[in-house]
Amino acid sequence: MKIIFAGTPDFAVPTLQALIDSAHEIVAVYTQPDRPKGRGQHVTKSPVKCLAEQHHLPVFQPLNLKTENLPQADVMIVAAYGLILPKRILDAPHYGCINVHASLLPRWRGASPIQQAILAGDKDSGVTIMQMDVGLDNGDILLQKKCVIERDDSAQNLHDKIAELGASALIETLNSIDHLKPLKQDESLVTHAPKIQKSDAKINWQKSALEIERQVRGFNPWPIAFCEFKGQPVRIWQATALSEKAHKAPGSIEKHSKEALLVATGDGLLAIKKLQCAGGKAITAIDFINAHKEIENEMAFT
C-alpha cells in the first residue's frame with residue numbers, strides 16, 4: 001500500500017517508525033515547518049522530520065494544505081500533524097485519511113486528550129484509529145485499543161504508552177482495512193479537550209489534594225503545575241495525595257519528612273516530593289526544607 005504520512009511531534013514518531021518497518025511504501029512525509037525552539041530559539045526540525053530524513057524519505061513542510069497537491073497514494077495517515085486538512089485532501093486517497101488519536105473517542109476530542117484524561121481522573125485511556133472527516137475528531141471509529149492509567153502516570157508516561165499503542169493499532173488497521181466495519185461515534189458521549197494554557201497549571205490550594213495531584217501529573221512535562229512561595233514561582237514536579245486530614249489553612253506546611261513536604265489543601269494533604277524554585281533546578285523535598293528552615297511556621301505556598 002502506498003502511504004502519505006503526516007505528523008509532527010514525538011507522539012507521531014512510533015507510528016512513522018512502524019510504517020517504515022512494515023511492507024507498506026511511504027511516498028511522502030508531511031510535517032510542520034522548522035521553527036525556533038527553546039531558550040536559544042534555535043530553528044529546530046520536528047521529530048518526525050528527523051526520523052524521515054534518517055530513512056531518506058521525501059519530506060514536505062507547507063504552511064497549510066489549501067493549495068497542496070498530494071502525491072498519489074492509497075491512504076494518508078495522520079498523527080498529531082497540527083494542520084487542518086481540507087475536504088479535497090481528506091477525499092483524495094483511495095482509503096481517505098486515517099487519524100491516530102490519543103483517546104477513546106468520543107471521549108476527549110481535541111488538542112489535549114492525554115492531559116484531560118488525567119485531570120478528570122479517568123481510569124483508562126487509549127488510542128482510536130479513526131476515519132477522518134470534516135470536523136473535530138468526529139469521524140468513524142475503525143479500531144480502538146485501551147490502556148490503564150496508573151496512579152503515578154504523568155502526562156509524559158501516558159503519552160509514551162499511547163504513542164506505542166497507536167503505532168501497533170495503526171498497522172493492525174491497515175492490515176485488515178478491507179474487513180473493518182466503521183463505527184459512528186455516539187455524540188451524546190462527547191467530551192472536549194481544549195488546548196492547554198500555562199495559566200491552567202496554577203495551583204489553587206482550596207481544591208482537594210487529589211485534584212492537585214492530578215494537576216501535577218497532568219501538566220508534567222508541560223507546562224508544570226506551579227504556585228508561589230514568598231512571592232516567587234515554584235514548580236511542582238512530583239506529588240501524591242494523602243487521605244490524611246489537614247489541620248491548617250490550605251497552602252500551609254503541616255509537617256515534613258525526608259521524602260516529602262506535607263501541604264494542607266481544601267481536602268486532605270498533598271505530599272510534595274520534587275519541586276523547583278525560580279532560577280533553580282528541580283530538587284527533592286528535603287533539599288527544599290534545608291534551604292528554608294522557617295517553612296513550618298508560615299503560610300508557605302499560595
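Starting at the first residue of the range 244-249, write each ³J(HN,Hα) from the Karplus equation 6.51 cos²θ - 1.76 cosθ + 1.60 with θ = phi - 60°, in whole Hz, x for Gly and Pro.
Once rounded to whole Hz, the list reads 4, 6, 8, 10, 10, 5.
What order do you get for Y81, Y30, Y95 when you list them from fewest to most C-beta neighbours inside 10 Å? Please report the intermediate quantities before stating the final value.
Numbers: Y81 23, Y30 26, Y95 17.
Ascending number of Cβ neighbours within 10 Å: Y95, Y81, Y30.
Report, by chain and number, residues whose modeled amide H sits under 5 Å from the one on F226, excluding near sequence neighbours (fewer than 5 apart, same chain).
K202, I203, I236
Straight-line reach from K87: which aspartates and glutamates have a Cα under 20 Å away, not including same-chain ones fewer than 8 places off?
E68, D74, D133, D137, D140
Let me make sure I get this right: for the range 10-126, a, b and c are the square roots of the gyration tensor eigenvalues over alpha carbons, sorted descending. Under 1.5 in a/c it's rounded, otherwise prolate if a/b > b/c, else oblate. Which is it? Walk me through the intermediate numbers first.
Values: a/c = 1.58, a/b = 1.20, b/c = 1.31.
The shape class here is oblate.
Kirkwood hydrodynamic radius, the range 126-194, all distinct C-alpha pairs: what's the number in Å?
On the way: mean 1/r = 0.0744 Å⁻¹.
For the range 126-194, inverting the mean 1/r across all distinct Cα pairs yields 13.4 Å.
Calculated from DSSP H runs of 4 or more alone, at -39500 (n - 2.57) each and per residue, what is the 222 nm mean residue ellipticity of the chain, nearest 500? Walk me through the intermediate numbers first.
On the way: 7 runs with 66 residues, N = 302.
-6500 deg cm²/dmol, from helical runs alone.
Mean Kyte-Doolittle of at least 0.0 plus a Cα span of 24 Å or more along the axis: flag which DSSP H helices in the chain meet both, please. All intermediate terms of the calculation are to be shown ahead of the outcome.
On the way: long enough: 155-175 (30 Å, 0.07).
Correct list, ordered by number: 155-175.
Give me the compactness ratio for the range 198-297, meaning the Cα radius of gyration over 2.2 N^0.38 Å.
Cα Rg divided by the expected 2.2 N^0.38 Å: 0.96.
Going by average Cβ neighbours within 10 Å, how do the peptides 142-154, 160-172, 264-276, 178-190 rank, with the highest at the top?
Working: 142-154: 15.7, 160-172: 20.2, 264-276: 21.9, 178-190: 10.8.
Ranked from most to least packed, the peptides come out as 264-276, 160-172, 142-154, 178-190.
Throughout, read-outs are computed from the coordinates displayed, never taken from laboratory work. Every value quoted in this text rests on a predicted model; they were computed, and no experiment measured them. For neighbour counting, all protein chains shown are included, and Cβ atoms are generated from backbone atoms with ideal geometry for every residue, glycine included.
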